[in-house]
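Each remark here refers to the structure printed beneath this line.
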Amino acid sequence: MSRARFVLATAAAALAAGAVTSMAMADHAIGHDPSTYGTIGIAVEAPLTGPQASAGQDMLRGVQLAVKQYNAKGGYYGRSVQIVKVDDQANPKLAKAAAAKAIKAKVIAVIGPYNSSVGLINLPIYTKAKIVPVQMTSTDDTTGYGVTVQPKNSQISPVEYRFISTQWTPSKVSMLVDPSSYTKSMADRLQRSLEKKGVLVTQIPIVEGQSSYASQVQQALTNNPTVVYLSTYFPEGATIAAELKATGNPAKCFAGLANQDPGFITAAGIPASQHCVFSGVPDPQQFPTAKSYVANYKKTFPGKTPGTWGTFTYDSANILFAAWKKADPFTYKKVIAQLKKTKNYRGATGKITINKVGNRPNVPVSILTVDDQGNFDVVYTDRSTK
């Protein structure tokens, strides 16, 4: 072969190799291949649209803020993080499609899902695909699928029981119950605890998405209960709270944790919201460790007020990034193992420790009321959660 032909052939081969490499890098720009230098993809799965969208959008903004700050510091050795938005609408029928979207985008981690009924279906899919879940579900049935920084129902239910039984000493409790996984399990747990104390408990099922629950409210009041317990998500809880207040019945209203959202207060109105006591977590403004988060959130998202769960997704993203410092983010088992070594991480929601099963033992569960400005205030903190 002549020198000229050899040079041309070599150049052609180099160009072809370069093209293949460029195509591979483009194909894996988000994905699992640590040899590429594109962005690193993480999914945020939440109800971004639908009746729980106010919670989902706040969750998304929490991660967006964490990613913005992480990328500003250089990301992972110069590689920035890119968010893939996954909307499950809080609908378990969309759970598989949501996970499929994240898998197709070749993400290496997911923050979410939020709804337990969704997570029961797709968290096993995420873990099988070696996508690290820093999940937001509260049912104990999802324990072991990744890790979480928020309370589980076995941690929340005892706080609700101790408050209701010691502060109100009821003889009868009526429960309006959404049959979703988390809300039904919470109602069942509380019922078992109350019945051991001789309290008469009645459960009345509700269907999500109704414009009125007046008939169910009247049914709940027929036996003159001391307490009406709302084991619902906030769109339904808000409607029930307003209709319960309108009856003028003296029964006390206790709203379970899935009702804690600014959307509840907006929909029910302040007077009806003040008629209820809530189990939940401190608002971002009430976390002494969240002052910086609140200020940066308002600066980054003008006109938006930090909601309940964005604080937790912010911390979820940050403990994930902290794990990457000691574990290759593309190695699923090592990242999971490192996340479970999280101890006293200083987050917006306080110090975070993750135990060997992936849960947070030091969860900040409290009892809340609503003030005249429409904010949640902590009125009772269960010392057993400290």
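The values are calculated or read from the model by the stated rules, or taken from the named source; none is laboratory data. These figures come from a predicted structure and were not determined experimentally. Because the Cβ atoms are built from the backbone with ideal geometry, glycine has one as well, and the counts that use them run over all protein chains shown.
Listed values, structure above:
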{"quantity": "Test for SER279: is it at negative phi and either touching a helix residue (DSSP H, G or I) at 6+ places or on another chain (Cβ under 7 Å) or of a type in the set (Asp, Glu) (or both)", "calculated": "yes"}
{"quantity": "Tally of residues being in contact with a His (Cβ under 9 Å, 6 or more places away or on another chain), on the phi > 0 side of the Ramachandran plot and not charged (D, E, K, R) across the range 57-108", "calculated": "0"}
{"quantity": "Flag if ASP188 is of a type in the set (Asp, Glu) and either crowded, with 21+ Cβ neighbours inside 10 Å or farther than 23 Å from SER117 by Cβ (or both)", "calculated": "no"}
{"quantity": "Count of the range 234-283 residues which are under 20 Å from ALA55 (Cα atoms) and in contact with a His (Cβ under 8 Å, 6 or more places away or on another chain)", "calculated": "1"}
{"quantity": "Residue within the range 351-360 that is of a type in the set (A, V, I, L, M, F, W, C), under 30 Å from ARG79 (Cβ atoms) and either under 17 Å from the mean Cα position of the chain (by Cα) or modelled with pLDDT under 95 (or both) present", "calculated": "yes"}
{"quantity": "Residue within the range 111-127 that is assigned by TED's automatic domain parsing to the domain that holds VAL335 and under 15 Å from PHE321 (Cα atoms) present", "calculated": "yes"}
{"quantity": "Meets criteria (under 26 Å from GLY237 (Cα atoms) and touching a strand residue (DSSP E or B) at 6+ places or on another chain (Cβ under 9 Å)) for GLY75", "calculated": "no"}
{"quantity": "Those strands (runs of 3 or more DSSP E) lying entirely in the range 331-381 with at least 1 residues in contact (Cβ under 8 Å) with a residue 24 or more places away in the chain and under 30 Å from ALA242 (Cβ atoms)", "calculated": "366-370, 376-381"}
{"quantity": "ILE164 being surrounded by 24 or more Cβ atoms within 10 Å (Cβ to Cβ) and over 20 Å from the mean Cα position of the chain (by Cα)", "calculated": "yes"}
{"quantity": "Output for the range 189-239, where each listed residue is within 21 Å of TYR161 (Cα to Cα), polar (S, T, N, Q) and within 23 Å of the chain's Cα centre (by Cα)", "calculated": "SER231, THR232"}
{"quantity": "Answer from PRO284, PRO235 - the residue that is touching a helix residue (DSSP H, G or I) at 6+ places or on another chain (Cβ under 6 Å), under 25 Å from ASN375 (Cα atoms) and in contact (Cβ under 8 Å) with a residue 24 or more places away in the chain", "calculated": "PRO284"}
{"quantity": "Hits in the range 315-330 - residues which are in a helix (DSSP H, G or I), of a type in the set (A, V, I, L, M) and over 27 Å from GLY280 (Cα atoms)", "calculated": "ALA323"}
{"quantity": "Number of the condition not met by SER292 [criteria: (1) touching a helix residue (DSSP H, G or I) at 6+ places or on another chain (Cβ under 6 Å); (2) free of Cβ contacts under 8 Å to residues at least 60 places away in the same chain; (3) not basic (Lys, Arg)]", "calculated": "(1)"}
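So that you can scan it fast, the table gives a plain yes or no per residue for (1) in a helix (DSSP H, G or I); (2) under 16 Å from ILE319 (Cβ atoms):
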| residue | (1), (2) |
| --- | --- |
| ALA90 | no, no |
| ALA102 | yes, no |
| VAL110 | no, yes |
| PRO133 | no, yes |
| THR137 | no, no |
| GLY144 | no, no |
| VAL149 | no, yes |
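This table checks each residue for (1) assigned by TED's automatic domain parsing to the domain that holds ALA129; (2) within 20 Å of MET59 (Cβ to Cβ); (3) surrounded by 22 or more Cβ atoms within 10 Å (Cβ to Cβ).
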{"residue": "LYS334", "(1), (2), (3)": "yes, no, no"}
{"residue": "ALA337", "(1), (2), (3)": "yes, no, no"}
{"residue": "LYS343", "(1), (2), (3)": "yes, no, no"}
{"residue": "ARG346", "(1), (2), (3)": "yes, no, no"}
{"residue": "ARG360", "(1), (2), (3)": "no, yes, yes"}
{"residue": "GLN373", "(1), (2), (3)": "no, no, no"}
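Yes or no, residue by residue, for (1) assigned to a loop (DSSP other than H, G, I, E, B); (2) among the basic types (Lys, Arg); (3) surrounded by 18 or more Cβ atoms within 10 Å (Cβ to Cβ):
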| position | (1), (2), (3) |
| --- | --- |
| SER279 | no, no, yes |
| ALA295 | no, no, no |
| LYS298 | no, yes, no |
| PRO302 | yes, no, no |
| GLY307 | yes, no, yes |
| THR313 | no, no, yes |
